[in-house]
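Since every read-out is calculated from the coordinates, none of them should be taken as a lab result. Since we're looking at a predicted model, the values are computed, not measured. A quick note on method: Cβ atoms are made from the backbone with ideal geometry, for glycine too, and the neighbour counts reach across all protein chains shown.
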Amino acid sequence: MLIGVAGLAVGLTVGGVGMVFALGLALQATADSEALQSARGVAAMVNENEVPEPLPVVGDVRVQVVDADHRVLAASIDADRLVPVLYRDEMPRARDGEHLFIPGDRLGIRGPVRVVAVPAGPDNAQTVLVAKSMGDLTQSVRLLRNILLVAFPLLLIALAAVAWRVVGLTLRPVEGLRTGAEEITGGGRPGQLPVPDSRDEIHRLAVTLNDMLDRLEAARAKQRAFVADAAHELRSPLANMRTQLEVAQRLGDRTDWPAVGEDLLADTQRLSRLVDDLLLLARADDAGARAVRSMPVELGELVTTLAERYPSVAVAAPDDPLWTTGEPDALARAVANLLDNALRHTRTRVEVAVQPDGAYHLITVTDDGPGIPVADRDRVFDRFTRLDDARARDAGGAGLGLAIVRELVRRYGGTVRLADAGPGLRAEVRLPATDGA
């Protein structure tokens, strides 16, 4: 506001000074024009040797005809008939076309007087002098200046008040946003910023900020849930290991150390797998912020090689190569998780197949187990999600396998979903088809 008001004051001052100066120049030009017109008219009469007495004039001017000896030959009714209006040293300048200002005291009037001269008579030996009072014109300029000196400050104050009001109304929603943000950050709680009713930039800013707060709160809630679930999953094997060691310590020499070591090794392996899965998911979350390494991958060879680790899994691979782009280890990990999940729930068989599917290649892993209800098929891809029957089995995992599959497949532009296999469950992974190397 200070900068704006200061700029406005400077602009008004410059404009006012320019207006007064321009008006003074315009009035002076008008006075010169009128005086010259009168002087030329009298000069024409002198040239024709028809000089009346007194000289006729139009307007508020005084006219004299002066000879070469600086004597007044003729004058208007108000002009001095003895003393010329110009001194001897001023006369040459006036005859050369210079318009002179002289004090009004010479003529017995107030204010400055404008004098113009026009040569006349035989051999231009005579000079017609026209004096026009500038008092009224100067008074007009002075009156305008005084009006501006009073009006401009009042106008500046009025405009500053209006601008202060308008800016205050404009920034009031911003202050509301700031207060709301301070309450949210100070209280460490979720909340919404106030959204103004006006459909302007402030309204859109508030809506955008609220959307951002919702995303941040969702991310924070997801992070809290992830940490809580991870802590819970890590606590179980650690508690088992601690219990086994405490019991072995109390039994002393009666402890079956080979059995204890075997149990501790199983819990250690479970912890290692869990930590590896958590690290993989953390890297998958960070994949959007960095470049993903990828290369041509032939899916038939990848699935066939991977299935060799599972003797009970049947493989159906095409004769022609099916290429996609990705990281071989990551895609192998995704298929391996699907196979592990299928083997954990199947009754008799598990089949894995690869086939083209339009612009994609389709990998299916099918089992004949109990399947998953339709309502739970999307939920099982969330992290640490396990159905009740899986929690009841010791062989149940930590609920990260399918979450890892989804993250890895999405990383390379694919999709994964679960469908009925009648009976059993079929996991379908679609990856973009490429031309290969």
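Structure above, values below:
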| quantity | calculated |
| --- | --- |
| Electrostatic dipole magnitude of the range 90-164 [Cβ: Lys, Arg +1; Asp, Glu -1; Cα centre; debye, to 20] | 240 debye |
| Using alpha-carbon coordinates, inclination of helix 328-345 to the longest axis of the chain, degrees | 50 degrees |
| Cα coordinate range in the range 293-432, projected on the principal axes (Å, largest first) | 41, 29, 26 |
| Which of VAL51, VAL150 has the fewest Cβ neighbours within 10 Å, and the rest in rising order | VAL150, VAL51 |
| Cα Rg, Dmax (largest Cα-Cα span) when computed across the range 74-191, Å | 32.9, 105 |
| Whole-number D in µm² s⁻¹ for the range 2-140, Kirkwood Cα-pair radius fed into Stokes-Einstein, 4 °C, 1.567 mPa s | 80 µm²/s |
| Within the chain: Cβ-based charge dipole about Cα centre, in debye rounded to nearest 20 (Lys, Arg +1; Asp, Glu -1) | 1080 debye |
| Angle in degrees between helix 135-187 and the longest Cα principal axis of the chain, rounded to the nearest 10 | 10 degrees |
| Ranking of ARG235, ARG106 by count of other Cβ atoms within 10 Å, fewest first | ARG235, ARG106 |
| FRET efficiency for GLU327 and ARG224, using Cβ-Cβ distance with R0 set to 41 Å, rounded to 0.05 | 0.85 |
| Gained length - MET295 relative to LEU143, 0.36 nm times residue gap less alpha-carbon distance | 46.0 nm |
| Cβ-derived FRET efficiency at R0 30 Å, ARG250 paired with VAL275, nearest 0.05 | 0.50 |
| Beta bridges by DSSP in the chain, antiparallel share as percent, to the nearest 5 | 90 percent |
| Average Cα contact separation per residue, the range 293-432, under 8 Å, 6 or more apart, as relative contact order % | 24 percent |
| D_trans [Stokes-Einstein, Kirkwood Rh over alpha-carbon pairs] for the range 206-264, 37 °C, 0.692 mPa s, µm² s⁻¹ | 222 µm²/s |
| Two-site label geometry, ARG309 and ASP197: point separation in nm, points 7 Å out along Cα→Cβ | 6.4 nm |
| R0 of 22 Å, Cβ-Cβ distance VAL17-VAL162: FRET efficiency to nearest 0.05 | 0.35 |
| Fewest-first sequence of PHE21, PHE226 by Cβ atoms within 10 Å of each Cβ | PHE21, PHE226 |
| Cα-based Rg of the chain normalised by 2.2 N^0.38 Å, two decimals | 2.33 |
| Positive-pole candidate from LEU278, LEU209, LEU264, dipole of the range 201-286, charges at beta carbon | LEU209 |
| Chain lengthening between VAL374 and ASP214 when straightened (0.36 nm per residue, less Cα-Cα) | 54.7 nm |
| Top positive-direction residue, dipole computed over the range 2-140 with Cβ charges, set TYR87, LEU25, ALA35 | LEU25 |
| Coil-residue GluC sites (Glu not before Pro) of the range 291-353, DSSP, other Cβ within 10 Å capped at 11 | GLU308 |
| Angle between the chain longest axis and helix 201-251 axis [Cα atoms, degrees, rounded to 10] | 30 degrees |
